[in-house]
Structures are given as C-alpha cells and as structure tokens.
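The values are calculated or read from the model by the stated rules, or taken from the named source; none is laboratory data. As the structure is a computational prediction, the values presented were derived from the model and not from experiment. In this analysis, Cβ positions are derived from the backbone assuming ideal geometry, glycine residues included, and neighbour counts consider all displayed protein chains. Just so you know, the surface numbers come from the protein's heavy atoms only, side chains and all, with ligands and any DNA or RNA stripped out. Shrake-Rupley method; radii C 1.70, N 1.55, O 1.52, S 1.80 Å.
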Amino acid sequence: RDGRSAVVRFTGGSCDPTLRLPSPVASRHEAKPGDDLQAIVDQGGTVILAPGTYRLERPLTLNRPVVLTGSKGTTLVFHQPAGSAPWTAAVKIHKGRTTLEGFAIRFQGPVQWDARVGYGPAVIGTSDDRDPDPIRFARKWGVVLSGLDVEGPPSSDPSKWTDAVGVVRFTHADGGRVEGCTLLGGPIVFFGGPWSFVGNTFRGTPAKTTSPAALTGRYLHDVVVRGNRVKGEPSGKLWRFFALGASGRDVVVEDNTVEGVGEIDGDGVPRVNAPEIMLTEGYRVGYEGLARPVSADGRVVRIGERQGEQPVRAGWTLAILTGPAAGTSRRVIQPIDETTLVLDEPIPGEPAMVSVVDGLTGIRFTGNLVDVRGSSTSWGLVLPGNQIGTIVERNRFLGGALGVSVQACASESPVHWGWSHCPAMGVVVRGNTFEDAREGLSLTVQHEPRHIKFNRGRVYMSATVE
C-alpha cells in the first residue's frame, strides 16, 4: 500500500512443456496397403503400418495426437491428381505429442505446391497460415520425427535452378525431436524450443534445386544439434548447414560433419548471398545510452527512453560499454517497467553507457568438422551481431576463404542502419584447427566512416582466443 517494491530470487528447475498437451489415446490400430489411412489416423492413438506401399492422392492430415509407426519397407507415396488445389504439405500435423517413425516418404509425378504459404511448402508441415485460427495457433510441443527416410519431390522445371520444397516446416510448433532421419530436400524450418536434431543424415537437395540451409531457425532456445552428417549431392545445391536468425539462447551445435555444402568453385550454380556454412545473426539494439544503479546491491538499474520498438523482456542482455566493467554483460532477469530492469549480477555503482539487446546468448559450436575444400569463397562459421558468451571450440575448418568470423557489426535498427554497433561480449574461441583456409580467424568491430556511427570510448567486443 505504501508503493514499495521487493525483488526476490528463487531457484528454478527443469520443466517438460509437452505435459501441458494431451497424449495420444491408448488405442492401437493396424493398417495395410490399400486401407483408408486418413480414416485410421483420425482415430488417434498408435497406428502401425504393415510393410508395403501406401498410395495417397491427398495430404495426410493428423488432426489428433498420434503415433504413426512403420518398419523397413514401409513407404508413403504421394501422387497429386490433375486439377487438385495446391498443397502446403504432404503430411500435415495439427497436434503436439505426435510421432512419425520408421517409414519412407516419396512422390510420384509432379505436385503443385502453394508457394505463398508462410515459410514455404514442405513434405511434413505443422499448421500454417492457410489453416483456421483455432487450429493454426494451437501450441504443438513434443512433435517427434524418428528414423524417417524422406525424399522431397523433384524439380518442377529441370531446365533451370529452382527452390527445393522444404523437408519439414515447424510453424506454430514449439519443440520436439528429429532424430535418426535421412533427408533429401529443402530446409527444416523451426522456431522456439526445446528442440533436438540428433544423428540425422542430410543428403542435400534434388537435382537442379537449391536450399538455403539444412536447418534454419529463429527466436530459438534450448536447442541441441548433435552428431548429424551433411553431404550435399552434387546435382543439387545446399548453401548452408545451420542458420540461426533474430535471437537464440542455449543453442548447442556439436560433433557434426559437413561436406559438399556451400559455394564450390566451378559448380555453375548462380550465387546467392549465402557464403556461410554455419551462421548466427541478430542485428537489433533495443537501447543504447546511460544506465545507473538504483538499488544498493547494483542489481536494479534504470535506463533512459528506449530507441527500439520492442519492450525489454526477461532474458535480454545488458552489455556494459564504458567504465571499469566495460566489455562485460549482465542478463535481464525481469523488467519492472519500461526503464527499470533487474539484472542477474550487479553493475558498478557509477552510471555507465550500456547496450540492451535481445541477442544470442549461450551459443556453443563444439567439435564440428566443416570441409569446404574446393571453395575459395565459402566461410566456415560466421557470428555477426549481439554475441554474448558465444563459445567456439575444438572445431576443424578445412578450405574456404575464412574459417571463423566474429563481428561486432553495424546495427540494423533502431533509428537507421549503422546507428550503432551490436555488441559481442565474452566470446571464447579456443582449440580450433584451420587447414587450407585463406584466412583462419577474424575478430572485428565493423568500421565504415560514411555509414556507421563512430564508437570512440565505447567497448563493443571482448573475446578470448586460445
């Protein structure tokens, strides 16, 4: 009643968000080639596919949580009749806690796809912007793809290079697993978390098709990408292995082997702006200016009016640019209001210039092999913008123009491009091997006096190189 506020810390624990959703019912059904597979999966539960070929002339829509399981020799073959409406996915998942495992997916004949569906058509897709709102926005944790053998459709026009149809599109799906799958086609597109992509084989794309990446995600958290093998087939073109955009927290990319990906000299594929085999990028600054402690312990601070459009949220980073703690950062635990923030650790007592960003924190690239020998233009790992505590260790980079680049680059927003810099604080690069690369490692604060604001007196990068 007297207007006081109190801040209390308590220890959090792990959680399983999939438990918020209903599991598949306990029923069990068996299917054989020739059965109405749509009618069977509409019953939910566990559906066991007998070996053989299941021919489908319309997308298979999973309206209830289901475990759809097959074994070696089980194949779903999709054929689109002439005059059919364009498809957004061949297999559509509308519910979380759905599992697809142990079977193959193939296509017979041409398929007309809905090229304007959000984030593109895909062989397997969750609810998309063509679905009604109650279905579209329902949360979908716990989607599992295990032991699948998926080949996307061939090029719609082999006379020229075209975009490959995506393998998986996880829109409005917040977490799950893709493990032990063999995949040929366009990207896996995903958001949020937790996710794990473990032990998969990415074969690249069908002939005369291209894909921006094997895995591409935005606004990620709690993601593991481990033990995958990527070897792009030379008849298609896979530009990248892994691309993370906007923001990410606690993302681990480790023990993956990547070959035959990216810009290969003399391959004849028209170039796009994608020389990086692995990439994380986030270019937006929420606030830059003074911050001063307003609590005795230095953990509650007040900033000025935000220049960015988005309100500061828990999990953002406050990077200290001046003073005795310059080059370090703190995590925002809780905003009390638009200009008052609670931090995980205190800042020194005097006011300091800071940058507050929704960045890339807890990102690790460990034990990966990236082989781009045969390319004079590809870059192994590129880390521009808002890198907080990123660790790059024990990787091998073979060939290419550049092994690893870390950059405190120009900000994309607010105000205008180049208004400030995106901080890279506490970056660690250690124990890596560079072979046959024109350059090994580059750590840079980006300068361009005509277009980027000067940063005199402010520290935008701190890093350890061993």
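Would you point out which residue out of Thr433, Thr444 is of a type in the set (Ser, Thr, Tyr) and open to solvent by 50 Å² or more (accessible area, probe 1.4 Å)?
Going through Thr433, Thr444 in turn, just one is of a type in the set (Ser, Thr, Tyr) and open to solvent by 50 Å² or more (accessible area, probe 1.4 Å): Thr433.
Here are Leu37, Leu49: which of them is modelled with pLDDT of 95 or more and under 26 Å from Arg130 (Cα atoms)?
After applying the criteria, what remains is Leu37.
Do you know which of the residues in the range 287-298 that are assigned to a loop (DSSP other than H, G, I, E, B) and open to solvent by 10 Å² or more (accessible area, probe 1.4 Å) is farthest from Leu220 (Cα to Cα)?
Across the range 287-298, the extreme among qualifying residues is Ala296.
Please work out if Gly193 is surrounded by 22 or more Cβ atoms within 10 Å (Cβ to Cβ) and touching a Ser or Thr at 6+ places or on another chain (Cβ under 9 Å).
Answer is no for this residue.
Only residues that are in contact with a Ser or Thr (Cβ under 7 Å, 6 or more places away or on another chain), open to solvent by less than 20 Å² (accessible area, probe 1.4 Å) and either hydroxyl-bearing (Ser, Thr, Tyr) or under 20 Å from Ala437 (Cβ atoms) (or both): list them for the range 263-286, please.
Correct list: Glu263, Ile277.
Just checking, which of Ala89, Ala85, Ala122 is aliphatic (A, V, I, L, M), under 26 Å from Asp35 (Cβ atoms) and surrounded by fewer than 19 Cβ atoms within 10 Å (Cβ to Cβ)?
Ala85
Out of the range 406-421, which residues are open to solvent by less than 10 Å² (accessible area, probe 1.4 Å) and within 30 Å of Pro270 (Cβ to Cβ)?
Val406, Cys409, Ala410, Gly418
Inspect all residues belonging to the range 356-364 and state whether any of them is touching a Cys at 6+ places or on another chain (Cβ under 8 Å) and not in a loop (DSSP other than H, G, I, E, B).
Within the range 356-364, one or more residues are touching a Cys at 6+ places or on another chain (Cβ under 8 Å) and not in a loop (DSSP other than H, G, I, E, B).
Kindly indicate which of Val392, Val406, Val372, Val357 is within 25 Å of the chain's Cα centre (by Cα), modelled with pLDDT of 95 or more and within 17 Å of Glu259 (Cα to Cα).
Result: Val372 is the single residue among Val392, Val406, Val372, Val357 that is within 25 Å of the chain's Cα centre (by Cα), modelled with pLDDT of 95 or more and within 17 Å of Glu259 (Cα to Cα).
Condition first: crowded, with 16+ Cβ neighbours inside 10 Å and not in a strand (DSSP E or B). Now tell me which residues in the range 299-314 satisfy that.
Matches in the range 299-314: Arg299, Arg306, Gln307, Gly308, Val312.
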